[in-house]
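The values are calculated or read from the model by the stated rules, or taken from the named source; none is laboratory data. Since the model is a prediction, treat every value here as computed from it, not as a measurement. Neighbour counts are summed over all protein chains in view; Cβ atoms, including those assigned to glycine, are modelled from backbone coordinates with ideal geometry.
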Amino acid sequence: MTPRTWTRATILGTVLLCAGGSVTAQNQTEKEQAQPTAPKNSAPPAARDSRVVPLKLQVVLSRYQGEKKVSSLPFVLSLATSQPRVSLRMGGEIPVATSTGTPATVVGYNYRPVGTSIDCWAAALDDGRYSVNIGLEDSSVYSADQEGGGLSKAHSDQPSFNTFKANETVILKDGESSQFTSATDKISGQVIKVDVTLTVLK
């Protein structure tokens, strides 16, 4: 091989080597760009504790007439995280007469349930917190003075019913309390408040 031929071969090999390196670098860059990247300053999702933790939940349903507390009903439920919903039912049934004709003649009775129903479940979050979902329904019979607040008197011999429903989620730590909800009855003017307290059982 002459010096001139050797020089041309050397130059050609150098050019091919550089071109191959350029293609390899380009392919590597394209692969890196195709890889999904996490957004900057993104916080990881809140961790959930998979352990089963026994809990006690106290639910207190209170009624106020103005500033005066007229009743307070406490309920206690035992539950555990990562377990199915637990339920509590307390109450009875009130007969409601059905009638026909003029004058009205009683022909039978239907029974209307009254009382309190509570359904709840809990999940463990991070930092010793617990997410507690509570569904509550409370029904009662209006007294004679409460009915005067706006209910029809056309059937004064029949009972009138008050119904209160709520479904909320609260975040609590061991020993913490929170007011679950508060509402005003437009007929009687009573204010209904529900407070919950969570206790972790050892």
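Structure data summary
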quantity	calculated
Filter result (surrounded by fewer than 16 Cβ atoms within 10 Å (Cβ to Cβ) and over 30 Å from Pro54 (Cα atoms)) within the stretch 115-143	Val141, Ser143
Some residue of the stretch 175-182 being over 16 Å from Tyr64 (Cα atoms), modelled with pLDDT of 95 or more and in a loop (DSSP other than H, G, I, E, B)	yes
Residue in the stretch 79-93 that is more than 18 Å from the chain's Cα centre (by Cα) and within 20 Å of Gln179 (Cα to Cα) present	no
Answer residue from the stretch 113-162, given it is of a type outside the set (A, V, I, L, M, F, W, C) and touching a Pro at 6+ places or on another chain (Cβ under 8 Å) and is modelled with the highest pLDDT among those	Ser139
Qualifying residue in the stretch 107-115 (condition: free of Cβ contacts under 8 Å to residues at least 24 places away in the same chain, out of contact with any Asp or Glu (no Cβ under 7 Å at 6 or more places or on another chain) and closer than 22 Å to Val196 by Cα)	no
Given (1) surrounded by 12 or more Cβ atoms within 10 Å (Cβ to Cβ); (2) at pLDDT 90 or above; (3) farther than 17 Å from Val170 by Cα, number of the condition Ser99 does not satisfy	(2)
From the options Ser117, Ser82, Ser131, residue that is of a type in the set (Ser, Thr, Tyr), closer than 26 Å to Glu168 by Cα and outside any strand (DSSP E or B)	Ser82
Output for the stretch 102-114, where each listed residue is in a strand (DSSP E or B), surrounded by fewer than 16 Cβ atoms within 10 Å (Cβ to Cβ) and not polar (S, T, N, Q)	Val106, Val107, Gly108, Tyr109, Tyr111, Arg112, Pro113
